[in-house]
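The values are calculated or read from the model by the stated rules, or taken from the named source; none is laboratory data. Note that the structure is a prediction, hence the values are computed from the model and not measured. Cβ coordinates were reconstructed from backbone atoms using ideal geometry, including for glycine residues, and neighbour counts include every protein chain displayed. All accessible areas refer to the heavy atoms of the entire protein, side chains included, with ligands and DNA or RNA removed. Shrake-Rupley method; radii C 1.70, N 1.55, O 1.52, S 1.80 Å.
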Amino acid sequence: MGTGQQKIAVVTGASSGIGAATARRLADEGFEVVLTARRTERIEQLAKEIEGRGGVARAITLDVTDRAAVDAFAVALGRVDVLVNNAGGAFGAESVERGDPADWLAMYQVNVLGVLHMTQALLPGLRESGDGTVLILSSTAALAAYEGGGGYVAAKHAAHTIAATLRLELVGEPIRVIEIAPGMVRSEGFAVTRFRGDEAKAAAVYQGVSHPLTSEDIADTVAWAVTRPSHVNIDLLVVRPRAQASNYKVHRD
């Protein structure tokens, strides 16, 4: 990161998948990474792994849907330069007609209110850094609807709107607002969670697609976006595998 104090990046949902891969990559880029997630053992293991590779990491157990806990985390954190809002998830694949409101609520709490809580709590520190970055991991579901995705699509559209609105509200301040919208990513646990542990249904999502994106592909994109010169803002970056032309059109062998 050059001369001066080491920059600090907070990564939510860092216990697995894109979050864990992003934490590793940002540590490699010279950031001190603060790993947050609900699964304490996972993030503590990851912190040890990063430090074993010569990086600097802290593991702090945190549920982004718990506002009191988020506020306490922000107070204890102190300096912060980058916030990667990665925590999220999809629950269920029923139609709008048959969707469980409890699933919709859970998706809204983590994908939308989780982003809101973390962003609100850390904005003062990001502002004080003089060169802060808020990054929101949304999804191509934030840009287009598809059958069986109603609740997740609605939540990710909301996350997309947070990014767009925040960018308007902060213009002129030393804070960038970046949104990265991944398409088909074979990420640890995502599809399995969505299909309530049904491994066969989860595997079918990627059937015939020889090279879906990996968590490391998205981590690479995050690292690139946050390490651009300060005057460069990557407003919205959509990342799909070559085999996926849209949410609907996927080449399968």
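Worth a mention:
- Cut-off 12 Å between beta-carbons: net charge of the residues surrounding Phe31, Lys and Arg +1, Asp and Glu -1: +1
- Global form of the range 68-120, assessed from the alpha-carbon gyration tensor, a/c cut-off 1.5: prolate
- Accessible solvent surface per residue of the range 123-253, calculated while the other protein chains remain in place, 1.4 angstrom probe, Å²: 49
- D_trans [Stokes-Einstein, Kirkwood Rh over alpha-carbon pairs] for the chain, 37 °C, 0.692 mPa s, µm² s⁻¹: 179
- Taking only protein heavy atoms and a 1.4 Å probe, the accessible area of the chain is 53% carbon and sulfur.
- Of Lys7/Lys48; Lys156/Lys201; Lys48/Lys249; Lys7/Lys156, pairs whose Cα-Cα distance is over 31 Å: Lys48/Lys249
- Label sites at Ser230 and Lys201, each approximated as a point 7 angstrom past Cα along Cα to Cβ, lie 4.9 nm apart.
- Where chymotrypsin sites (Phe, Trp or Tyr not before Pro) in DSSP loops with at most 14 other Cβ within 10 Å are excluded, longest remaining stretch of the chain: 1-145
- Calculated [222 nm] ellipticity per residue, helices only, for the chain: -12500 deg cm²/dmol; basis is -39500 (n - 2.57) per DSSP H run with n ≥ 4, divided by all residues, nearest 500.
- Listed residues Leu137, Gly149, Leu170: farthest to the positive end of the dipole of the range 61-171 (Cβ charges): Leu170
- Between helix 114-129 and the chain there is an angle of about 20 degrees, using the helix long axis and the longest principal axis of the Cα atoms.
- The chain: angle of helix 67-77 to the longest principal axis, Cα-based, in degrees nearest 10: 40
- The chain: angle of helix 40-52 to the longest principal axis, Cα-based, in degrees nearest 10: 60
- Directionally averaged shadow of the range 124-253, computed from the convex hull of its alpha-carbon atoms, nm²: 8.8
- Rounded to the nearest 20 debye, the dipole magnitude of the chain is 280 debye, with +1 charges on Lys and Arg beta carbons, -1 on Asp and Glu beta carbons, and the Cα centre as origin.
- Rh by Kirkwood over Cα pairs, then Stokes-Einstein D for the range 29-162 at 0.692 mPa s and 37 °C, µm²/s: 205
- Extending 7 Å from Cα along the Cβ direction at Glu51 and again at Arg127 yields two label points whose distance is 3.4 nm.
- Over the range 64-107, accessible surface divided per residue gives 49 Å², non-protein components excluded, 1.4 Å probe.
- Options Phe31, Gln45, Asn86, ranked by Cα towards positive dipole end of the range 1-95, top entry (Cβ charges): Phe31
- Where N is the number of residues in the range 95-170, Cα Rg divided by 2.2 N^0.38 Å: 1.25
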